[in-house]
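What follows is a short report on a single structure.
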Amino acid sequence: MAKTIMGLGYQIDVEKLHEHPDNPRKELGDLTELADSIRANGVMQNLLVVPLGNEEDEDYLEEYKVIIGHRRLAAAKLAGLNKVPCVIAEMDAAEQLATMLAENMQRSDLTVYEQAMGIQMMMDLGETAEQVSQRTGISVATVNRRKKLVSLDADGFRDAVASGATLMDLEKTAKIEDEAVRKDILQDFGTPNYNFKVDKILEVQENKRAFDGIVKRLQEAGIVELDEGTEREPDIFYKTVIYSAEEMDKFDPEKLEDGEYFYTKGGYSGNLTVNLYKRDSARMTENEEIMEESARKREQERIRKEQMNEPFRTAAQKRRTYVEEIGEKFIVNHFAIVVDALIKLLKEEYCGDLDISEIEAEKEKNPHKAVMMLIWQFLEGWASNPGAYKNWREEFTENDDAILLYEMLQGLWYDLDDEEQSLLDGSHALYAKPKEDEE
């Protein structure tokens, strides 16, 4: 509990007052107006200070650390004052931090970064979230949310705040569990598709979490993993596939019908799946076996097609977001790339129905962007169509429109990720292998 040593208005030389090293507020801002006011009227509100030394020291009350009033002290020095009115108190380290944090947050003087660092310093002194809340008046929920932000790289965190990052942006980024990935993505704040990239990372992370969870529950239930690369025993039959994070979380092995079950791991990184099998010792007739196999293949084909469509939808949304958010100055500086793409397009004499309402809206105020959007709309129809990347046997075929679209976007610094590249060059796992490759 803080204890007052000297009451209101005790005048102390400004040279004996020192900025508190743990003050959460690092920037004092422009002091000119405050200094002018102090020069005319003096310091109207007392500073709160604590002794710099220990009570046993002879010079205990000779030097002080400022708890409240850092701006007033700096402005008083700027105004030429030699002394300022103070209240001297005794506080432990946690009380000092709590007082500074609460004072600045009440005035809305702290950035999100400074709030998070101040709360972390208090918790480093052994304070719990509930104790920090009681000392500062900040809700426990806010304390925990700010503390979570400390997991962000300090330099990237500070730079992102300076670039206009909102609390929602930072809290979403802090949900990324991989420290290296979290650090790298934070450096990209302010670039096109930043939020899209974070959402994609979190989506993959959620899929992996759910996948690891269901595999653990299957193993705990005594369900054995089959080697996907070896031939199964003749009485072990495919039952179902579990492929979404929601389905994986809901799946409870204890609710399965009586019997002996097995599983295999499937899918690909970012979209992992679990295939469930069951042993049926009653021998099946040849027709029943054929029907079972046919049903299994149809179900797997349905799932494979759903998985096949998802990366195309994701890639299309990413390109749309990029095109919609790209800045005018950037387009102007690289407009030759847009013109080159338009020339290639016209040479091919491509034509079709276009939605030109958005292009008309941009035409007068931003003609460069209007041209770019025109090219994008020409090409996006085929670039977004999964059928344009494969033949009737689901084998890869080159999509010239998609290649041209990506050539333009990459010339404008579009970030082509690995999955988009694999969709474009035919290396994606979801394409069927050509017959000659299987022989």
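The values are calculated or read from the model by the stated rules, or taken from the named source; none is laboratory data. Note that this is a predicted model, so its numbers are computed, not measured. Neighbour counts are summed over all protein chains in view; Cβ atoms, including those assigned to glycine, are modelled from backbone coordinates with ideal geometry.
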- request: Looking only at the stretch 211-223, count how many residues are touching a helix residue (DSSP H, G or I) at 6+ places or on another chain (Cβ under 7 Å) and either among the acidic types (Asp, Glu) or in a loop (DSSP other than H, G, I, E, B) (or both).
  value: 2
- request: For ILE67, work out the one condition from (1) crowded, with 16+ Cβ neighbours inside 10 Å; (2) among the hydrophobic types (A, V, I, L, M, F, W, C); (3) at pLDDT below 80 it doesn't fulfil.
  value: (3)
- request: Go through the stretch 364-426 and tell me which helices (runs of 4 or more DSSP H), entirely inside it, have 1 or more residues that are touching a residue at least 24 places away in the same chain (Cβ under 8 Å), over 23 Å from ILE201 (Cα atoms) and of a type in the set (Lys, Arg).
  value: 367-383
- request: Only one of these is free of Cβ contacts under 8 Å to residues at least 12 places away in the same chain, in a helix (DSSP H, G or I) and more than 21 Å from ALA98 (Cα to Cα): ASP155, ASP159. Name it.
  value: ASP155
query: Among the residues of the stretch 375-410, which ones are over 17 Å from ALA432 (Cα atoms) and among the aliphatic types (A, V, I, L, M)?
result: ILE375, LEU379, ALA383, ALA402, ILE403, LEU404, LEU405, MET408, LEU409
query: Across the stretch 141-152, what is the total count of residues that are assigned to a helix (DSSP H, G or I), touching a helix residue (DSSP H, G or I) at 6+ places or on another chain (Cβ under 7 Å) and either modelled with pLDDT under 75 or surrounded by fewer than 17 Cβ atoms within 10 Å (Cβ to Cβ) (or both)?
result: 3
- request: Sort out which residues of the stretch 178-210 are surrounded by fewer than 19 Cβ atoms within 10 Å (Cβ to Cβ), part of a loop (DSSP other than H, G, I, E, B) and at pLDDT below 85, and write them in order of number.
  value: GLN187, ASP188, GLY190, THR191
field: Failed criterion for ILE138 (all others in (1) in a helix (DSSP H, G or I); (2) within 28 Å of ASP169 (Cα to Cα) hold)
entry: (1)
message: The conditions are (1) in a helix (DSSP H, G or I); (2) within 30 Å of ASP36 (Cα to Cα); (3) modelled with pLDDT of 85 or more, and GLU130 fails exactly one of them. Which is it?
response: (2)
field: Test: MET1 is aliphatic (A, V, I, L, M), in a loop (DSSP other than H, G, I, E, B) and modelled with pLDDT under 90
entry: yes
task: Scan the stretch 224-272 for residues that are surrounded by fewer than 18 Cβ atoms within 10 Å (Cβ to Cβ) and in a helix (DSSP H, G or I) and report the count.
output: 7
message: Among (1) under 21 Å from ARG302 (Cα atoms); (2) touching a Phe, Trp or Tyr at 6+ places or on another chain (Cβ under 9 Å), there is one condition ARG217 misses while meeting the rest; what is its number?
response: (1)
message: Being hydrophobic (A, V, I, L, M, F, W, C), modelled with pLDDT of 80 or more and within 25 Å of ALA432 (Cα to Cα) is the filter here; which residues of the stretch 304-345 pass it?
response: PHE312, ALA315, ALA316
message: Every residue in the stretch 154-207 that is touching a helix residue (DSSP H, G or I) at 6+ places or on another chain (Cβ under 7 Å) and of a type in the set (Ser, Thr, Tyr), please.
response: THR173
Unmet requirement for ALA165, which otherwise passes all of (1) surrounded by fewer than 19 Cβ atoms within 10 Å (Cβ to Cβ); (2) assigned to a loop (DSSP other than H, G, I, E, B): (1)
